[in-house]
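The values are calculated or read from the model by the stated rules, or taken from the named source; none is laboratory data. Just so we're clear, the structure is a prediction, and the values are computed from it rather than from any experiment. Don't worry about glycine lacking a Cβ; one is built from the backbone with ideal geometry, like all the others, and counts go over all protein chains shown. To get the accessible areas, we keep the full protein, side chains included, count just its heavy atoms, and leave off ligands, DNA and RNA. Shrake-Rupley method; radii C 1.70, N 1.55, O 1.52, S 1.80 Å.
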Amino acid sequence: YDHVNLWATQPGELQFRFTDTSIDPYVRVLMPGLSPFATVVASGTVRAAGSFITPEGVSARVHVDKVDMRLFDYQLRNDGPLDVSLDQGEVTLTGFRLKGDDTSLAVSGRVDVIAGQLGLHAEGDANLGVLQAFFRDLRSAGRATLRADIGGTLERPLITGHADLTDGRIRSMLMPHAVDRINGRVAFDGRNIRVDDVRAVMARGDVRFGGRIGLEGFVPSVLD
């Protein structure tokens with residue numbers, strides 16, 4: 001019997017609830033560079049209907065009541081419910097707010113799953129501890145006031161916007177000293193982080209940074 005034609009012509013409907021479920025293994029499929037010290041546990045409900053043979057034939061709604069993210073020694077939670085919808089291959093993200101120590105960050109927008117196109121916007125205050133999700137050898141703290149748009153594709157995201165840093169601290173396990181009291185603005189212009197007169201303290205000495213950091217997705221690739 002032609003099972004492909006059966007799935008294509010016979011729509012179905014699914015509904016289930018997940019409680020305190022680890023979803024970071026699934027997140028790593030989209031973000032392979034996610035730190036092994038980052039964990040995500042969530043609770044919510046999923047409702048989906050349509051022909052499940054292709055993403056275009058599925059209409060789905062995900063309502064997440066609770067998200068608990070831990071990035072090494074930093075914790076984030078949701079501030080209100082998270083709603084995600086899938087319709088004709090396009091994922092829409094609404095009402096997504098994260099809170100934590102020095103963090104109140106809102107994320108919204110769309111992801112075209114078929115074309116792999118991103119259209120997300122992030123705005124608010126973020127603790128620099130979130131950097132630990134992407135760099136396993138980094139420990140960070142401090143605050144950034146962020147306004148950024150994430151476009152491009154899933155394979156090559158483009159980030160535009162800026163972040164104002166206040167009393168930041170970054171310590172790489174590969175360096176003998178931390179960089180403390182980081183203050184100033186960094187700008188995102190797609191494939192670069194541009195630094196103009198950012199000031200800090202390292203080994204009790206005053207330091208001033210300028211230049212750019214090239215990006216491959218979310219990961220630094222070139223220092224200038």
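Surface exposure of the chain, expressed per residue as accessible area with a 1.4 Å probe, stands at 58 Å².
Each helix, a run of at least 4 DSSP H residues, gives -39500 (n - 2.57); summed and divided by the residues of the chain, these come to -1500 deg cm²/dmol at 222 nm.
Counting protein heavy atoms only, segment 85-196 has 52 percent of its accessible area on carbon and sulfur, 1.4 angstrom probe. Roughly what percent of Cα-Cα pairs across the chain reach past 31 Å? For the chain, the fraction of Cα-Cα distances above 31 Å is 28 percent.
Put a dot 7 Å past the Cα of Arg61, heading toward its Cβ, do the same for Thr19, and the two dots end up 2.2 nm apart. Taking every protein chain into account, the 1.4 Å probe leaves Thr145 with about 60 Å² of accessible area, to the nearest ten.
At the residue level, Ile150 shows approximately 40 square angstrom of accessible surface with a 1.4 angstrom probe and all protein chains present. With every protein chain in place, what's the accessible area of Lys66 (1.4 Å probe, Å², nearest 10)? Per-residue accessible area (Lys66): approximately 80 Å².
Using 12 Å as the cut-off for backbone N distance, which residues of segment 179-198 belong to the label zone defined by a point 7 Å from the Cα of Val222 along Cα→Cβ? Inside the label zone: 191-193.
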